[in-house]
Number of protein chains: 2
Amino acid sequence: MSKQFISIKELALALNLSTSTVSRAFRNKDDIHPDTKKLILEKAKELGYYPNIYASNLRNSKSRTIAVIMPELANNFFSLAVKGIERVAQLNGYHTLIYVTDSLYEKEVEIIEDLYNGRVEGIIMSASGEGNDHRYINKLKSKNIPLVFFDRVYDDTDYPKVTTDDYESCFKAADYLLDNGCKTLAFLVIDKNVSIGNARMKGFEDACAKHNLPEDNALIIDCSNDFDESSSRIRQLLKTRKIDAIIASVERLAVAAYTVCLNENIKIPEDIKLISYSNLSIAHLLNPPLSTIAQPAENLGVNAAEILFDILKGLEPTNKNVILKSDIIQRKSTQFFR
Amino acid sequence: MSKQFISIKELALALNLSTSTVSRAFRNKDDIHPDTKKLILEKAKELGYYPNIYASNLRNSKSRTIAVIMPELANNFFSLAVKGIERVAQLNGYHTLIYVTDSLYEKEVEIIEDLYNGRVEGIIMSASGEGNDHRYINKLKSKNIPLVFFDRVYDDTDYPKVTTDDYESCFKAADYLLDNGCKTLAFLVIDKNVSIGNARMKGFEDACAKHNLPEDNALIIDCSNDFDESSSRIRQLLKTRKIDAIIASVERLAVAAYTVCLNENIKIPEDIKLISYSNLSIAHLLNPPLSTIAQPAENLGVNAAEILFDILKGLEPTNKNVILKSDIIQRKSTQFFR
């Protein structure tokens with residue numbers, strides 16, 4: 001099966017057609033009869049002719065590829081979001097390039113600058129969240145490369161955004177804990193400057209203010225993406241303060257909190273309640289089952305991709321600021337006993 | 001920031017150089033002084049000149065992109081493997097295109113055929129596992145597109161392969177359960193024809209044979225990727241037979257087994273032991289903590305990518321059949337009480 005592939009000239013010869021006619025069949029031009037086009041495509045498959053996409057990209061400047069840029073891959077939320085994006089891309093006959101920033105601003109800039117030259121027709125991005133100078137993103141406009149944000153966004157740009165109700169969901173989660181008698185709450189956050197971290201923190205603070213909680217009883221705990229570092233912050237917190245409940249702004253902080261409680265013999269939910277933003281499909285199998293604020297991750301991806309493909313088709317998106325609702329699912333980790 | 005990008009002519013004019021000199025700076029040619037090249041690249045960045053990658057791809061037929069083809073994305077094993085692949089690709093200055101087959105043979109064929117035209121320089125693939133005609137893969141040779149398999153491979157092809165010790169690890173897991181007195185074992189599998197499913201099943205069967213287990217006490221249970229379907233098979237099994245231990249060949253089947261046991265009030269490990277192939281980072285937080293056979297997923301990706309880049313650099317891989325060792329971690333789900 002090491003047969004060499006044939007050239008466009010050989011294909012034209014086999015069909016007894018001119019190379020320019022054959023070439024038109026691969027350019028989606030209207031000036032060729034559908035039957036002729038069908039004949040050419042079938043013969044091409046049979047004989048092993050494949051058009052050079054780089055050459056044809058040069059002609060019609062279409063790569064039929066979109067890029068997804070996101071902070072990380074090994075994460076339930078982003079895996080599900082990409083699944084949604086890919087489904088829509090495949091329906092539209094597009095390829096999906098996946099780029100990971102590792103939450104680094106410099107890497108994000110480098111990736112975006114690398115896309116200026118037309119490798120992709122559009123971009124769907126969840127921001128690294130750092131840096132204040134977003135000129136590298138706005139430059140995409142002069143290259144006619146549309147961008148749609150999902151989840152983590154830059155509020156100072158006017159690109160379409162698909163997010164979830166971060167403020168409201170965190171307000172509700174805190175309100176529920178306070179309604180049930182919790183007096184000291186801790187909010188675990190990785191980056192307060194990232195749009196979603198900030199909105200969730202504000203929801204937490206406003207719920208605490210509504211219940212007249214003294215500031216010292218509404219703690220904001222700065223954690224990091226490093227498991228050991230976050231665990232150590234949480235351990236220190238639980239050793240020095242009596243905390244009634246923890247709200248983790250991302251799944252990995254809930255995992256760190258569980259592990260600390262397990263090691264320190266702190267019982268969830270008897271000694272402390274715990275709820276977390278999480279798309280973990282096995283939250284119900286944890287010990288104890290974890291209460292979650294679950295974002296509609298896959299749907300977020302679908303919505304962002306649909307907006308991008310509307311733009312690529314020349315349509316104006318009906319809504320440039322889509323906000324989807326998260327589900328708060330109370331399980332044993334926030335159970336009250338009275 | 002909607003400034004138009006400049007052409008190569010404008011850049012050459014601004015530098016008082018010829019366009020051919022400027023062009024050489026973007027082609028990694030040696031016939032240009034490093035200082036001149038530096039000057040050109042800096043000015044290009046300053047003024048906003050970006051070479052057309054499709055044009056330069058056409059010239060040197062290099063896309064500096066590799067493809068990763070895998071059965072699914074929302075899966076801890078594959079997320080980690082891609083992380084390893086991306087790390088090596090980035091070190092080599094390559095982009096990574098990610099394609100998902102959803103374990104469908106037709107989709108795999110379509111994706112591979114779509115790559116014949118040079119979109120990528122090389123492919124790293126975990127096979128869908130279906131279909132016996134692998135001519136579409138061997139055709140890549142005539143296009144000089146190297147391929148490296150990881151995890152799920154086609155044994156009838158001679159491409160380099162990076163796998164784990166599936167037979168040995170499953171043999172050991174079953175042997176341990178039988179050594180400790182289990183008399184009836186069930187092996188949950190999704191596709192017995194996929195290389196890894198088959199190797200694990202053979203390991204299971206040989207361990208049972210070593211302990212002279214009657215065939216009727218060494219059950220192979222065919223499950224699927226559908227959670228409800230698999231759960232129903234497992235529920236039926238546990239209602240009709242007294243099973244001492246389950247070995248799940250993939251993580252999602254362990255999740256189904258846990259859920260069935262929880263709903264049917266079957267206690268792990270008191271009533272039944274459970275061990276699973278899994279890369280779940282929170283196996284220790286499950287109720288009870290799950291015993292796992294953990295593949296070195298990220299390292300598998302790194303090894304596959306290193307082989308691919310060796311080939312792309314014209315080097316002969318030192319080992320075309322790398323087999324990495326999995327870790328068996330016994331936790332409470334396989335605890336014996338005596």
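The values are calculated or read from the model by the stated rules, or taken from the named source; none is laboratory data. Because the structure is a prediction, the values reported are computed rather than measured. Quick reminder, even Gly has a Cβ in these numbers, built from the backbone with ideal geometry, and neighbours come from all protein chains shown.
What to note about this one:
- For residue B:150, the criteria (1) aromatic (Phe, Trp, Tyr); (2) in contact with a Gly (Cβ under 9 Å, 6 or more places away or on another chain); (3) within 9 Å of chain A (Cβ to nearest Cβ) hold in every case but one, which is (3).
- Check on residue A:112, within 28 Å of residue A:277 (Cβ to Cβ) and assigned to a helix (DSSP H, G or I): yes
- Which numbered condition residue A:129 misses (of (1) at pLDDT 95 or above; (2) in contact with a Ser or Thr (Cβ under 8 Å, 6 or more places away or on another chain); (3) crowded, with 21+ Cβ neighbours inside 10 Å): (1)
- Among the residues of segment A:118-140, the ones that are over 19 Å from residue A:66 (Cβ atoms) and assigned to a strand (DSSP E or B) come to 0 in all.
- Looking across segment A:305-338, the residues that are surrounded by 15 or more Cβ atoms within 10 Å (Cβ to Cβ), among the aliphatic types (A, V, I, L, M) and over 24 Å from residue A:97 (Cα atoms) come down to A:324, A:328, A:329.
- Any hit, segment B:224-244, residues being closer than 15 Å to residue B:275 by Cβ and touching a Ser or Thr at 6+ places or on another chain (Cβ under 8 Å): yes
- Whichever residue in segment A:95-126 is hydroxyl-bearing (Ser, Thr, Tyr) and either touching a strand residue (DSSP E or B) at 6+ places or on another chain (Cβ under 9 Å) or more than 9 Å from chain B (Cβ to nearest Cβ) (or both) and, among such residues, is farthest from residue B:91 (Cα to Cα): A:126
- Considering segment A:7-51, and only residues there that are surrounded by fewer than 16 Cβ atoms within 10 Å (Cβ to Cβ) and modelled with pLDDT under 75, the residue that is farthest from residue A:120 (Cα to Cα) turns out to be A:30.
- Residues that are more than 7 Å from chain A (Cβ to nearest Cβ), farther than 20 Å from residue B:250 by Cα and not aliphatic (A, V, I, L, M), drawn from segment B:69-94: B:84, B:87, B:90, B:92, B:93, B:94
- Residue pairs whose Cβ atoms lie under 8 Å apart, separated by 6 or more positions or on different chains, with the first residue in segment A:127-156 and at positive phi and the second in a strand (DSSP E or B), are A:151/A:162; A:151/A:163; A:151/A:164.
- Where residue A:157 falls short, out of the listed (1) modelled with pLDDT of 95 or more; (2) of a type outside the set (Lys, Arg); (3) within 20 Å of the chain's Cα centre (by Cα): (1)
- Residue count for segment B:181-221, restricted to those that are farther than 15 Å from residue B:276 by Cα, of a type outside the set (Gly, Ala, Ser) and without any contact (Cβ under 8 Å) to a residue 60 or more places away in the chain: 15
- Selection status of residue B:224, touching a residue at least 12 places away in the same chain (Cβ under 8 Å), under 26 Å from residue A:280 (Cβ atoms) and either assigned to a loop (DSSP other than H, G, I, E, B) or not assigned by TED's automatic domain parsing to the domain that holds residue B:203 (or both): yes
- Among the residues of segment A:141-164, those that are hydroxyl-bearing (Ser, Thr, Tyr) and either surrounded by fewer than 15 Cβ atoms within 10 Å (Cβ to Cβ) or outside any strand (DSSP E or B) (or both) comprise A:142, A:154, A:157, A:159.
- Residue among B:246, B:266 that alone is of a type outside the set (Asp, Glu), more than 9 Å from every other protein chain (Cβ to nearest Cβ) and out of contact with any strand residue (DSSP E or B) (no Cβ under 9 Å at 6 or more places or on another chain): B:266
- Among the residues of segment B:278-304, those identified as in contact with a Leu (Cβ under 9 Å, 6 or more places away or on another chain) and away from chain A (no Cβ under 12 Å) are B:291, B:292, B:294, B:295, B:296, B:299, B:300, B:303.
A quick yes/no check of all residues on (1) buried (at least 18 other Cβ atoms within 10 Å of the Cβ); (2) within 14 Å of chain B (Cβ to nearest Cβ); (3) farther than 19 Å from residue A:166 by Cβ:
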| residue | (1), (2), (3) |
| --- | --- |
| A:197 | yes, no, no |
| A:209 | no, no, no |
| A:223 | yes, no, no |
| A:235 | yes, no, yes |
| A:252 | yes, yes, no |
| A:256 | yes, yes, yes |
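- Qualifying residue in segment A:166-188 (condition: surrounded by 21 or more Cβ atoms within 10 Å (Cβ to Cβ), of a type in the set (Val, Ile, Thr) and not assigned by TED's automatic domain parsing to the domain that holds residue A:79): no
- Residues in segment A:241-273 that are hydrophobic (A, V, I, L, M, F, W, C) and within 20 Å of residue A:225 (Cβ to Cβ): 10 in all.
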